[in-house]
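Heads up, the thing below is written out as structure tokens.
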Amino acid sequence: MSKKAELQSNERRQLLKIVGAFFVGNAIGIHPAFAATLPTDQERKTFAAFLDVLLPRDEHSGSASDLGIDVKLRAFSETDDNYHKLIKFGCQWLNMTGGPPFSELESQQQIALVEWMTTSDWNQIPRRFYTLVRQTAIELYYSEPATWAGTAIDSPPQPLGYMPPWQ
């Protein structure tokens, strides 16, 4: 057998092992790639605390976690692997302060860390996590009628559209 034929045979064997392991893992319901991405209790607390820094409670409405935005975003992330990984890695990064986890930091420390994220490099986890999660969280938060108190609106402008300026 030539070296080239032997190499191709080894590559095929390796590929078959990987494919076989994938199907066996799925058949018994414990695919290690998915099990490793389940959020821990600390990541859930960190994510809720991060969202509460972005959308805090005020005299008119509750914070993001009060309205369940953290739960909705985690549920949404289950439909998109990249978004799910972003949330997981973002929460892990937030907890790497060298001290207590992000959720246990003083409010001013949390705010300072989030402010730093706004100016960090777009190609790194902190900025991408901040920007993408913030955009989605704001959309979900302000779609909740409970957040409209204290504003001039009592319903979203859509699907009816904006009223003409003369009315």
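The values are calculated or read from the model by the stated rules, or taken from the named source; none is laboratory data. Keep in mind that what you see is a predicted model, and the values were worked out from it rather than measured. All Cβ positions, even for glycine, are placed from backbone atoms using ideal geometry, and neighbour counts span all protein chains on display.
What the table shows:
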| read-out | value |
| --- | --- |
| Per-region count, segment 112-125, residues hydroxyl-bearing (Ser, Thr, Tyr) and without any contact (Cβ under 8 Å) to a residue 12 or more places away in the chain | 2 |
| Test for GLY150: is it at positive phi, without any contact (Cβ under 8 Å) to a residue 60 or more places away in the chain, of a type in the set (Gly, Ala, Ser) and part of a loop (DSSP other than H, G, I, E, B) | no |
| Selection within segment 83-106 - among the aromatic types (Phe, Trp, Tyr) and out of contact with any Ser or Thr (no Cβ under 8 Å at 6 or more places or on another chain) | PHE89, TRP93 |
| So ASP70, is it among the charged types (D, E, K, R) and at pLDDT below 95 | no |
| Test: residue in segment 117-124 that is touching a helix residue (DSSP H, G or I) at 6+ places or on another chain (Cβ under 8 Å), within 18 Å of ALA48 (Cβ to Cβ), surrounded by 11 or more Cβ atoms within 10 Å (Cβ to Cβ) and at pLDDT 95 or above | yes |
| Per-region count, segment 72-104, residues surrounded by fewer than 19 Cβ atoms within 10 Å (Cβ to Cβ) and without any contact (Cβ under 8 Å) to a residue 24 or more places away in the chain | 12 |
| Close pairs from segment 126-144: first over 13 Å from LEU51 (Cβ atoms), partner charged (D, E, K, R) and not in a helix (DSSP H, G or I), Cβ under 7 Å, at least 6 apart | ARG127/ASP121 |
| Close pairs from segment 53-71: first among the acidic types (Asp, Glu), partner part of a loop (DSSP other than H, G, I, E, B) and surrounded by fewer than 19 Cβ atoms within 10 Å (Cβ to Cβ), Cβ under 7 Å, at least 6 apart | ASP66/ARG57 |
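Each row is one residue, and each column tells you yes or no for (1) under 22 Å from SER120 (Cβ atoms); (2) in a loop (DSSP other than H, G, I, E, B); (3) touching a Cys at 6+ places or on another chain (Cβ under 9 Å); (4) at pLDDT below 95.
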| position | (1), (2), (3), (4) |
| --- | --- |
| ASN26 | no, no, no, yes |
| ALA33 | no, no, no, yes |
| PRO39 | no, yes, yes, yes |
| GLU43 | yes, no, yes, yes |
| PHE47 | yes, no, yes, no |
| LEU51 | yes, no, no, no |
| ASP58 | no, yes, no, yes |
| GLY62 | no, yes, no, yes |
| PHE76 | no, no, no, yes |
